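Shown next, in structure tokens, is the structure this report addresses.
The values are calculated or read from the model by the stated rules, or taken from the named source; none is laboratory data. The model shown is predicted, which means the values in this text are computed figures rather than measured ones. Cβ placement follows ideal geometry from the backbone for every residue including glycine, while neighbour counts extend to all protein chains displayed. Accessible surface areas use protein heavy atoms only, side chains included; no ligands, DNA or RNA. Shrake-Rupley method; radii C 1.70, N 1.55, O 1.52, S 1.80 Å.
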2 protein chains.
Amino acid sequence: MRDFSADHRWLSINTATLRGAGRLDTIIEACARHGIRAISPWRDQVAAIGLERTAALVRTHGLALSGYCRGGMFPAPDAAGRQAALDDNRRAVDEAKTLDAACLVLVVGALPGALAGAALTKDLAGARRQVHDGIAATLEYAKEAGMPLAIEPLHPMYAADRACVNTLEQALDLCDALDPAQGGALGVANVDRAALGVAVDVYHVWWDPKLEAQISRAGKSRLLAFHVCDWLAKTRDLLEDRGMMGDGVIEIPKIRAWVEAAGFTGYSEVEIFSSLDWWKRPADEVLATCISRHRSVV
Amino acid sequence: MRDFSADHRWLSINTATLRGAGRLDTIIEACARHGIRAISPWRDQVAAIGLERTAALVRTHGLALSGYCRGGMFPAPDAAGRQAALDDNRRAVDEAKTLDAACLVLVVGALPGALAGAALTKDLAGARRQVHDGIAATLEYAKEAGMPLAIEPLHPMYAADRACVNTLEQALDLCDALDPAQGGALGVANVDRAALGVAVDVYHVWWDPKLEAQISRAGKSRLLAFHVCDWLAKTRDLLEDRGMMGDGVIEIPKIRAWVEAAGFTGYSEVEIFSSLDWWKRPADEVLATCISRHRSVV
């Protein structure tokens, strides 16, 4: 297991962590100021300043992208909606490629309409079939582009509205069904990074009694991203009350040890949705805390 | 699958659904007024009016108890705390027996201190070991008393503070480990009701991609209770914003069909924690709605 105590070279900042800090250019400059080597930006933040400007800033500051957030949201009430989702995912693959991201993270979607507050169906199995088909179609395009797709299993409390892939086991079953040969993203067998893998976010999976076994099953080639934050024992909001590493109950070093034992050598990406706390604080305070906690409790 | 549309003979009311309606005697009288045949009371509600008075009211109104809520909460920071939990579980078994409940429901507990807002440890695996040991110790006593224990897997969002058994598969693994012969609660092999089984609450398990398979695995003897309510697409509180059946996204009839295909023939017990809505309404309105929804969407 890598020693993180001496520096923060393996820290990546998911830019959603700094949603309170302004536009993406401001966020990138703050990251650079703190010696951050990698980020994972969100598409809406990129769109707000432009893809080319984002790419230029990333180059200027020598940043790596531990991932790009996000593709997915495949289920839709009709064929036109499903096609629109596929088209949008192709654009996401292209953007991820332009930014040289390590992977495109997929938040796969769930019951159509639920995210807007009114589910149009309760057919969870149907949504899961649409996710299967949507990833299959996107995977062909992503392989040609050489961009690995990382399915992010989301906590079961998001099964209705955000993602109906809710355990690592379920995500890996999808990987094995759609990418049985673990074909490399460049179209050739590649034991280092499969074309289709997973993003393991401790917030979503920490509770899972099968977590260690499924991380081992995933192995180096399927483990495309590792996200950290913390689960607050008193969580006040289902979406925007994630904790800073060390402030909650997740045994982050234990999970990182499992991930690294399976061969993962990438960044620990901090992703904290926190309208109730961290989004209210100055970017410099958030980043200094991320760095300190990365060295001490990740 | 049983037809519920003509009457509500298989409806049970978990008395937590009427927490806004006053004391347990008031709640029981309201249930009797609506022709409810079964309830599942909580220990604090029983304690407030007395066990003997509760037993007398249950007899007077000819009520069955689909379950008794609840035992569990096994993990503790020290041996004295664990012993206190075992002692309390024995008292819960005794009370359930006095009330002739179908089972004692176990909410097994999680990280010591977390429920009070400050977890004393992050050792989730350790908490799970304590749960294993606590159930093992309680099971011996419960078998002698002839009271089946029903492990209730709780939604993963309660893994820190309420229950570290979070999937039906995990609960059934515990059952198989501790009660491999599915010994009847009366100490003899009993294919009808195992001494140790599960309470399946759709709120906690609806998202699980392995749900159908695990319900089938449980079978008639392990399926000791079936709880219904609904998952609201916009859930505002992690604990007290459960929906009335039909107001959310859970395919309740599909899950009931699976449970009944596995051999379950008991009550559909309505358990709605809803400080944000249903606890504010009059008991008669809540019960009339439960009955109507039981006939139409359960």
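Residue-wise test of (1) touching a Leu at 6+ places or on another chain (Cβ under 7 Å); (2) of a type in the set (A, V, I, L, M, F, W, C).
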{"position": "A:ILE36", "(1), (2)": "yes, yes"}
{"position": "A:GLY62", "(1), (2)": "no, no"}
{"position": "A:GLN83", "(1), (2)": "no, no"}
{"position": "A:LYS97", "(1), (2)": "no, no"}
{"position": "A:VAL108", "(1), (2)": "no, yes"}
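Residues in segment B:149-180 that are touching a residue at least 12 places away in the same chain (Cβ under 8 Å), charged (D, E, K, R) and open to solvent by 10 Å² or more (accessible area, probe 1.4 Å): B:ASP161, B:ARG162, B:GLU169. Take the conditions more than 14 Å from chain A (Cβ to nearest Cβ), crowded, with 21+ Cβ neighbours inside 10 Å and in contact with a Leu (Cβ under 8 Å, 6 or more places away or on another chain) and apply them to B:VAL259. Does it pass? Yes: the conditions hold for B:VAL259. Filtered by the rule that a residue be open to solvent by 70 Å² or more (accessible area, probe 1.4 Å) and either on the phi > 0 side of the Ramachandran plot or free of Cβ contacts under 8 Å to residues at least 12 places away in the same chain (or both), segment A:80-100 gives A:ALA80, A:GLN83, A:ARG91, A:ASP100. Residues that are open to solvent by less than 10 Å² (accessible area, probe 1.4 Å), in contact with a strand residue (DSSP E or B) (Cβ under 8 Å, 6 or more places away or on another chain) and within 14 Å of chain A (Cβ to nearest Cβ) are absent from segment B:276-285.
Condition first: more than 14 Å from every other protein chain (Cβ to nearest Cβ), open to solvent by less than 10 Å² (accessible area, probe 1.4 Å), touching a Lys or Arg at 6+ places or on another chain (Cβ under 9 Å) and part of a helix (DSSP H, G or I). Can you find one or more residues in segment A:210-221 that meet it? No: segment A:210-221 contains no residue that is more than 14 Å from every other protein chain (Cβ to nearest Cβ), open to solvent by less than 10 Å² (accessible area, probe 1.4 Å), touching a Lys or Arg at 6+ places or on another chain (Cβ under 9 Å) and part of a helix (DSSP H, G or I).
Checking each residue in segment A:16-54 for being out of contact with any strand residue (DSSP E or B) (no Cβ under 6 Å at 6 or more places or on another chain) and open to solvent by less than 10 Å² (accessible area, probe 1.4 Å) picks out A:LEU18, A:LEU24, A:ILE27, A:ILE28, A:ALA30, A:PRO41, A:VAL46, A:THR54. When B:GLY67 is tested against the conditions (1) closer than 20 Å to B:LEU223 by Cα; (2) open to solvent by 40 Å² or more (accessible area, probe 1.4 Å), the lone failure is (2). Of all residues in segment A:147-162, those that are part of a loop (DSSP other than H, G, I, E, B) and either within 14 Å of chain B (Cβ to nearest Cβ) or more than 20 Å from A:PHE264 (Cβ to Cβ) (or both) total 7. Of all residues in segment B:113-139, those satisfying the criterion of being open to solvent by 60 Å² or more (accessible area, probe 1.4 Å) and either in a helix (DSSP H, G or I) or touching a residue at least 24 places away in the same chain (Cβ under 8 Å) (or both) are B:LEU115, B:ALA116, B:LEU120, B:ARG129, B:HIS132, B:ASP133.
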